[in-house]
Amino acid sequence: MDAISVIRTKRDRGRLADEQIDWIIDAYTRGEVADEQMSALAMAILLNGMDRAEIARWTAAMIKSGERMDFSALPLPTADKHSTGGVGDKITLPLAPLVAACGAAVPQLSGRGLGHTGGTLDKLESIPGWRALLSNDEMMDVLRNVGSVICAAGDGLAPADKKLYALRDVTGTVEAIPLIASSIMSKKIAEGTGSLVLDVKVGSGAFMKNLEDARELASTMVGLGTDHGVKTVALLTDMSTPLGLTAGNALEVRESVEVLAGGGPADVVELTLALAREMLDAAGVKDADPAKALADGSAMDHWRRMIIAQGGDPDAVLPVAREQHVVKAASTGVLTKLDAYAVGVSAWRLGAGRARKEDPVQAGAGIEMHAKPGDSVVAGQPLMTLHTDTPEKFDYALAALDGGVEIAAEGTAFEPNPIVLG
Ligand code: URA
């Protein structure tokens, strides 16, 4: 077998044979297929697609490239959640301890932000002392003792995806449904969770810009999970505007703690509860009331224990950026647009995200929003506060917001999108 014939098959709109898929994933993982060959194949897949059987074989080969974890010795059913990525999406932070407080174990392997979307691990690393890198044994201990763990996937889990995702990120080949579905599901199936809830984001701040593509991605992933014995369900949720009122690492931790304390923005609470109910249902946990676990402090108690178990101090003062800049409303009226992509890129330019995998992030950088679409605003009132340690970036970050904010005349009727779209 050779890489060129595999690339040619897909370039010429053919189906990849099982043997071609098995060979190329294995050879690429072992370093026998060059990055430029794999990126040519990824581009051919992006342009010409794959059928469901090809995607299933590709996913199975990625799972086989590394180890599989096994949580069957735990006394509780396991449930995990995966979001396809968005702006201000801090839901994993309150959700994992909340579901643990309700009686399921949550082995949450998470990622770092890249580009305009934030990453759960970057957010949690703004808590002094907190460690994302755990050995498999440490992960199991936290899960057993606390009920939830949020950590990085070890090097042994789906190594083919680690290489391929980094390559796709720099070759314009992220936004391909077969590649996104196989990337996410290979990690989740190898992780060994019993059930999985997918939060498939739709809108300007998401990889999937319209409902039709999001539905196709969701049903592909649900099919892959189900075929591998993982009870899998998906929600389609809105990402046309950021979730909550913050985008940025420490800013989002602060907002998540507000939710765990029984407060926080209504959209974050609504989505956290909707996903918690789906996870508990998929795990077969009956009679649990996640709203009660938020209100009575039991979710907060699990959060504190989880942070401490991973070396963090839940009472530590979170980092604050050195400089702030307030963006004011240009007119009086109704805020009809606060675009997720614009806010995500702006927060990224302020230092909340990274341009390359190895770049550091600023823990305090990001954007606080003071109004949501549908709110009435008065000319001159603060709409957003930009935070950064590198104030020379303010102009660059402000440029990203151009066209991302719209205020309509007073009295304009405006109905924000529902959070859960399907
Ligand atoms: N998240 C992943 O893990 N992989 C993708 O391809 C896209 C989002």
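Rule-based calculations on the coordinates, nothing more; no lab input. Since the structure is predicted, the reported quantities are computational estimates derived from the model, not experimental observations. Cβ coordinates were reconstructed from backbone atoms using ideal geometry, including for glycine residues, and neighbour counts include every protein chain displayed.
Expressed as an acute angle from 0 to 90° and rounded to the nearest 10, what is the orientation of the C-alpha long axis of helix 159-169 relative to the principal long axis of the chain? Computed tilt is about 60 degrees. Working note: Karplus 6.51/-1.76/1.60 with θ = phi - 60° gives segment 260-274 the couplings 5, 8, x, x, x, x, 4, 5, 5, 5, 4, 6, 4, 5, 4 Hz, where Gly and Pro are set to x.
Taking label positions 7 Å along the Cα-Cβ direction at both residue 19 and residue 355, the computed distance is 4.6 nm, reported to one decimal. Taking the DSSP bridge list for the chain and keeping only pairs wholly inside it, about 50 percent are antiparallel. Between the alpha-carbon centres of segment 147-216 and segment 44-107 there is a gap of 8 Å. Against the main long axis of the alpha-carbon atoms of the chain, helix 298-309 sits at an angle near 60°.
Of the residues 152, 116, 247, the one whose Cα sits farthest toward the positive end of the charge dipole of segment 79-309, with +1 on the Cβ of Lys and Arg and -1 on the Cβ of Asp and Glu, is 152. Stretched out straight at 0.36 nm per residue, the stretch from residue 326 to residue 233 would grow longer than its current Cα-Cα span by 29.4 nm.
By the count of other C-beta atoms within 10 Å, a proxy for reagent exposure, 198, 235 are ordered fewest to most as 235, 198. As an equivalent ellipsoid, segment 323-408 spans semi-axes of 25, 12, 10 angstrom, where each value is the square root of five times an eigenvalue of the C-alpha gyration tensor, largest first. Semi-axes of the equivalent ellipsoid of segment 79-309 are 24, 19, 18 Å, computed as sqrt(5λ) over the eigenvalues of the C-alpha gyration tensor in descending order. Sorted on the mean count of surrounding Cβ atoms within 10 Å across their residues, most packed first, peptides 323-330, 101-108, 74-81 read 101-108, 74-81, 323-330. Pairs exceeding a 32 Å alpha-carbon distance, out of 123/163; 187/337; 10/123; 163/328; 10/162: 187/337; 10/123; 163/328. Its Cα centre serving as origin, segment 159-217 has a Cβ charge dipole (Lys and Arg +1, Asp and Glu -1) of approximately 160 debye. Other residues within the sphere of radius under 14 Å centred on the Cβ of residue 295, judged by their own Cβ, net out at -3 (K and R +1, D and E -1).
Helix 52-64 and the long axis of the chain differ in direction by around 90°, with both axes built from C-alpha atoms. Coordinate range of the alpha-carbon atoms in the chain per principal axis, descending: 65, 48, 38 Å.
Each of 354, 322 has some number of other Cβ atoms within 10 Å of its Cβ, and from fewest to most they run 322, 354.
Placing +1 on the Cβ of every Lys and Arg and -1 on the Cβ of every Asp and Glu, with nothing else charged, gives segment 298-422 a dipole about its Cα centre of roughly 260 debye.
Taking the Cα centre of the chain as origin and charging only Cβ (+1 Lys, Arg; -1 Asp, Glu), how large is the dipole, in debye to the nearest 20?
Using only the charged Cβ atoms, the result is roughly 340 debye.
What distance in nm separates the two pseudo spin-label positions at residue 34 and residue 136, each 7 Å out from Cα along the beta-carbon direction? That separation, rounded to one decimal, is 3.5 nm.
Near residue 218: Cβ cut-off under 13 Å, other residues only, Lys/Arg at +1 and Asp/Glu at -1. The net charge is -3. The trypsin sites (Lys or Arg not before Pro) of segment 1-58 that DSSP puts in a loop, and whose beta carbon has at most 10 other beta carbons within 10 Å, are 13. Look at where the Cα atoms of segment 116-133 and of segment 333-376 average out, and the two centres are 17 Å apart. Spin-label model, residue 216/residue 296: points 7 Å from Cα along the beta carbon direction are separated by 4.6 nm. Name the residue farthest towards the positive end of the dipole of the chain from the options 261, 288, 177, assuming +1 on Cβ of Lys and Arg, -1 on Cβ of Asp and Glu, about the Cα centre. So the residue furthest toward the plus end is 177. For the pair residue 392 and residue 410 in one chain, pulling the backbone fully straight at 0.36 nm per residue adds 3.0 nm over the alpha carbon distance. With the charge dipole of the chain set up from +1 on Lys and Arg Cβ and -1 on Asp and Glu Cβ about the Cα centre, the Cα lying farthest toward the positive end among the listed residues 76, 37, 396 is that of 37.
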